[in-house]
1. Stretched out fully, how many nm does the piece from Ser117 to Asn261 gain, at 0.36 nm a residue minus the Cα gap?
2. Relative to the present Cα-Cα distance, how much length would full extension add between Asp412 and Ser249 at 0.36 nm per residue of separation?
3. In the structure shown, do any of Lys196/Lys216; Lys216/Lys259; Lys143/Lys196; Lys350/Lys379 have a Cα-Cα gap over 18 Å, and if so which?
4. Name the residue farthest towards the positive end of the dipole of region 346-477 from the options Ala425, Val471, Ala396, assuming +1 on Cβ of Lys and Arg, -1 on Cβ of Asp and Glu, about the Cα centre.
5. Mind checking the dipole of the chain: about its Cα centre, +1 per Lys or Arg Cβ, -1 per Asp or Glu Cβ, Debye to the nearest 20?
6. Evaluate the charge dipole of region 74-193 about its Cα centre and quote only its size in Debye, nearest 20, assuming +1 on the Cβ of each Lys and Arg and -1 on the Cβ of each Asp and Glu.
7. Can you compute the helix-only [θ] at 222 nm over the chain? Use -39500 (n - 2.57) per DSSP H run of at least 4 residues, normalise by all residues, nearest 500 deg cm²/dmol.
8. What does the convex hull of the Cα atoms come to per residue for the chain, in Å³?
Amino acid sequence: MPVSTVYRGTLAHSTRDEALQILEDFALGVDAAGKVRKGPSGHSLLRENPRACSHFKHNKRGTESPRAAIAFIEEGQNVDSLSQTWGFQTSDVIQLEQHEFLMPGMVDTHIHASQYSYTGTALNLPLLDWLNTYTFPVESCYKDLDYARDVYTKVVKRTLRNGTTTACYFATIHTDASLLLGQIADDFGQRALVGKVCMDCNSTVPYYKEPLKECKDETLRFIRELLKKEYARVKPVVTPRFAVSCSSSLLHTLGKIAKNNDLHIQSHISENKEEVKLVKQLFPDCKSYTDVYLEHDLLTDKTVMAHGCYLSDEELKIFHERGAAISHCPNSNLSLASGMLNVRNVLNHKVKLGLGTDVAGGYSPSMLDALRRAMDTSKVLSMQDAQLQTLTFEEAFRLATLGGSEALSLDDQTGNFEVGKDFDALRVNMCIPGGPVDVFPGQGPKVILEKFLNLGDDRNIAEVFVAGRRVVPFPDL
């Protein structure tokens with residue numbers, strides 16, 4: 001099968017064995033099906049053709065339905081023979097500049113799309129008071145679809161511009177608005193898991209909850225209608241808000257729904273000490289916070305739980321045994337003074353781990369910020385325990401990409417440049433005019449990558465691809 005576009009230059013990604021692998025002067029191609037194929041030497045390779053957009057058929061929302069994916073990865077010196085094998089002209093190869101590179105798209109494993117309107121504000125209260133004072137009143141506004149459309153459009157575009165190719169979204173209790181979030185993510189080409197929030201207990205803000213039967217019926221409607229849309233990369237995720245706001249009956253119901261439909265599950269766990277104490281009071285027969293979800297069939301190999309700051313070693317062992325994942329949300333953990341996750345301990349227990357922005361408890365929608373705050377948190381913990389090994393930038397890079405895809409059980413589709421995976425990628429330019437970073441002579445690809453992770457922002461992200469489709473810059477629809 002001929003390829004339409006080939007890049008030549010530096011690639012940076014993670015593998016199962018290496019936190020960071022940098023391939024200098026490699027050629028990368030993407031086939032029309034959007035999947036990675038093996039090159040003659042067995043490497044994986046990326047490739048995408050911006051001109052291929054003209055060959056795509058547009059659906060009624062204006063999105064492009066076919067996919068372009070990675071076809072090969074080979075050393076750049078083999079480009080002449082590759083052109084004969086794959087049917088492209090060497091004159092059409094896109095040469096990355098010296099200070100450019102391709103990396104996998106970033107994966108936000110926990111973000112509240114409905115809270116984006118007040119991001120960067122309202123960080124003066126601890127978690128439970130914060131929810132009652134700010135979050136629940138704002139989320140109740142999403143019964144207004146015009147309001148929902150405005151906020152959801154802005155959060156999807158903002159996260160894409162910041163390099164988030166995959167997002168695991170909390171919406172609200174409103175089914176139609178949650179369906180709208182799925183449509184908007186599909187319109188702009190973002191890979192997404194979208195959850196209609198489920199909660200039948202809320203004594204402090206009683207107007208923001210659903211009766212058990214209504215919550216069940218609306219959750220089933222949400223799942224049925226979202227799946228009926230047949231979006232290629234937007235799927236439902238069963239979403240009990242957290243144990244505090246759900247009755248045991250609702251948790252059991254959601255566990256059955258997830259099992260019967262083989263769906264992803266997302267919620268919160270052990271974020272705040274006061275929350276952990278309250279869960280013990282509400283579920284006295286459960287041995288731990290983890291046991292609450294375990295007993296209600298909500299801890300599976302497709303479960304991602306946000307925070308986990310106060311999980312015991314025994315609970316982490318259960319996470320590992322069940323194949324469940326944790327979303328590390330360091331900005332939110334610090335901004336709401338909730339706690340600090342010991343990432344090294346989680347990794348030592350071999351628990352799947354990704355990063356989350358946790359907007360709006362986290363004040364930034366950028367995964368680069370999540371990566372930086374993860375390293376900061378690790379260093380603070382190491383100051384308290386000299387034996388603790390701090391998180392390296394290479395490990396943080398892995399958590400933001402491949403680690404996130406593993407946490408969401410999407411690593412068969414995305415997360416790195418591996419044969420058979422979709423081409424989800426960022427084209428990063430470190431010498432963009434007016435950019436935030438200065439690069440100096442003699443600084444090689446690893447240093448340049450580290451500078452991007454620590455200093456870069458959306459200005460450095462020249463292009464964003466999801467399954468081979470160029471989604472940033474945004475097309476004129």
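1. Full-extension gain reported as 48.6 nm.
2. 55.3 nm
3. Violating the 18 Å Cα-Cα cut-off are Lys350/Lys379.
4. Positive-end residue among those listed: Ala396.
5. 820 debye
6. Details: 7 positive and 15 negative charges, 99 e Å.
So the dipole magnitude of region 74-193 works out to roughly 480 debye.
7. Using -39500 (n - 2.57) per qualifying helix, the result is -9500 deg cm²/dmol.
8. On the way: hull volume 68.8 nm³, N = 477.
Taking only Cα atoms, the chain has a hull volume of 144 Å³ per residue.
The values are calculated or read from the model by the stated rules, or taken from the named source; none is laboratory data. Here the structure is a predicted model, which is why all the values come from computation and not from measurement. FYI the Cβ positions are ideal-geometry reconstructions off the backbone, even for glycines, and counts take in every protein chain you see. The protein model used for the area step is the full one, side chains on, heavy atoms only, and it has no ligands, DNA or RNA in it. Shrake-Rupley method; radii C 1.70, N 1.55, O 1.52, S 1.80 Å.
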